[in-house]
1. Inside segment 204-221, can you point out the residues that are surrounded by fewer than 13 Cβ atoms within 10 Å (Cβ to Cβ) and at pLDDT 80 or above?
2. Give the residue that is nearest to Arg85 (Cα to Cα), with candidates limited to residues of segment 24-45 that are β-branched (Val, Ile, Thr) and surrounded by fewer than 14 Cβ atoms within 10 Å (Cβ to Cβ).
3. Mind counting the residues in segment 238-280 that are of a type outside the set (Gly, Ala, Ser) and either closer than 17 Å to Asn196 by Cα or open to solvent by 40 Å² or more (accessible area, probe 1.4 Å) (or both)?
4. Output the number of residues of segment 222-237 satisfying the condition of being open to solvent by 70 Å² or more (accessible area, probe 1.4 Å), of a type outside the set (A, V, I, L, M) and either assigned to a strand (DSSP E or B) or touching a residue at least 40 places away in the same chain (Cβ under 8 Å) (or both).
5. Could you grab me the full set of residues in segment 241-280 that are over 18 Å from Ile167 (Cβ atoms), polar (S, T, N, Q) and assigned to a loop (DSSP other than H, G, I, E, B)?
6. Would you check if there is a residue in segment 160-171 being in a strand (DSSP E or B), modelled with pLDDT of 85 or more, open to solvent by 60 Å² or more (accessible area, probe 1.4 Å) and more than 20 Å from Glu38 (Cα to Cα)?
7. Looking at segment 46-68, can you tell me whether even one residue there is touching a residue at least 40 places away in the same chain (Cβ under 8 Å), open to solvent by 60 Å² or more (accessible area, probe 1.4 Å), closer than 26 Å to Val149 by Cβ and charged (D, E, K, R)?
8. Condition (residue is free of Cβ contacts under 8 Å to residues at least 60 places away in the same chain and out of contact with any helix residue (DSSP H, G or I) (no Cβ under 6 Å at 6 or more places or on another chain)) applied to segment 98-107: is it met by at least one residue?
Amino acid sequence: MLGAVCANAQETTLGGELYEGLTRKIAFERMIPPHGLEITYGKMVHIIFPSAIRYVDLGSPNLIAGKADGAENVIRVKATVKNFREETNMSVITEDGAFYTFNVKYADEPLLLNVEMTDFIHDGASVNRPNNALEVYLKELGSESPMLVRLIMKSIHKENRRTVKHIGSKAFGIQYLLRGLYSHNGLLYFHTELRNKSNVPLDIDFITFKIVDKKVAKQTAMQEQVLLPLRAYNYVTCVAGQKSGRTVFTLQKFTIPDDKQLVVEMHEKNGGRHQSFIVGNEDLVRAREIDELKVK
């Protein structure tokens, strides 16, 4: 009987190819269906993705691709030679953990020069997601799913609860508030709000998170550790007069020594209405835990 099993194992084939040992054929439902893409030599094909592009792989030197200047979620593709005959492929991974694959062929006049990929991962209806709605785990998020990170940020923003009521700043008719602080699977989520009580629009230049010594927090940037947010949901860049805007930032989990504190600063573009608030270690350790079952 054992000899029969070994004999069968030696005969296992996939698509006419002989495989050594006991091999199970990959089922059709395991396949990631590719999208068909036509490219040409004299024109550029642009593909717009729902999220920033992290990885591009081309199956042939007959293709060239790169991010569009000034855009993180647009890739441009064209042929490097005219009239190549062999079909090739291209794969793309985006920041939200989605994997896209394309079968690419040459066409003198491509039917579609500008393609928009559907945001199928975040439409909230899993039954509508195609087979290639897969999640790719990204290094900076550790063991957390990029899709779940985005859903958590979206849920925090949509629920809009103010669970932190003692952290914020107010000056020049501007308020900068920390509305909530949450924790999940090694990540921290900061729910912030900018309120513009003046009639002059507020244009945001940049926002920084940095750990500084308590004694020099308001004086110098000599001894500071800058923390870069991993993600930002609804990143506010302008708040009109008498309006407000909210953003959810995601950072790696951290704690603060007793002699230091976290300073979150908002700098106005071409203006001086800068704002900052301070978060202590006692606030971080009281961050609310996210319940995955309640994330929508």
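The values are calculated or read from the model by the stated rules, or taken from the named source; none is laboratory data. Values in this document were obtained by computation on a predicted structure and should not be read as measured data. Note that we place each Cβ from the backbone using ideal geometry, even for glycine, and neighbour counts take in every protein chain shown. All accessible areas refer to the heavy atoms of the entire protein, side chains included, with ligands and DNA or RNA removed. Shrake-Rupley method; radii C 1.70, N 1.55, O 1.52, S 1.80 Å.
1. Asp205, Phe206
2. Ile32
3. 24
4. Just the residues of segment 222-237 that are open to solvent by 70 Å² or more (accessible area, probe 1.4 Å), to begin with: 222-223, 225-226, 228, 234-235, 237.
Still in the running and of a type outside the set (A, V, I, L, M): 223, 225, 234-235, 237.
From what's left, either assigned to a strand (DSSP E or B) or touching a residue at least 40 places away in the same chain (Cβ under 8 Å) (or both): 225, 234.
Summing the residues that are open to solvent by 70 Å² or more (accessible area, probe 1.4 Å), of a type outside the set (A, V, I, L, M) and either assigned to a strand (DSSP E or B) or touching a residue at least 40 places away in the same chain (Cβ under 8 Å) (or both) in segment 222-237 gives 2.
5. Matches in segment 241-280: Gln242, Asn270.
6. The answer is yes; a qualifying residue exists.
7. Scanning segment 46-68, I find at least one residue that is touching a residue at least 40 places away in the same chain (Cβ under 8 Å), open to solvent by 60 Å² or more (accessible area, probe 1.4 Å), closer than 26 Å to Val149 by Cβ and charged (D, E, K, R), so the answer is yes.
8. Among the residues of segment 98-107, at least one is free of Cβ contacts under 8 Å to residues at least 60 places away in the same chain and out of contact with any helix residue (DSSP H, G or I) (no Cβ under 6 Å at 6 or more places or on another chain), which makes the answer yes.
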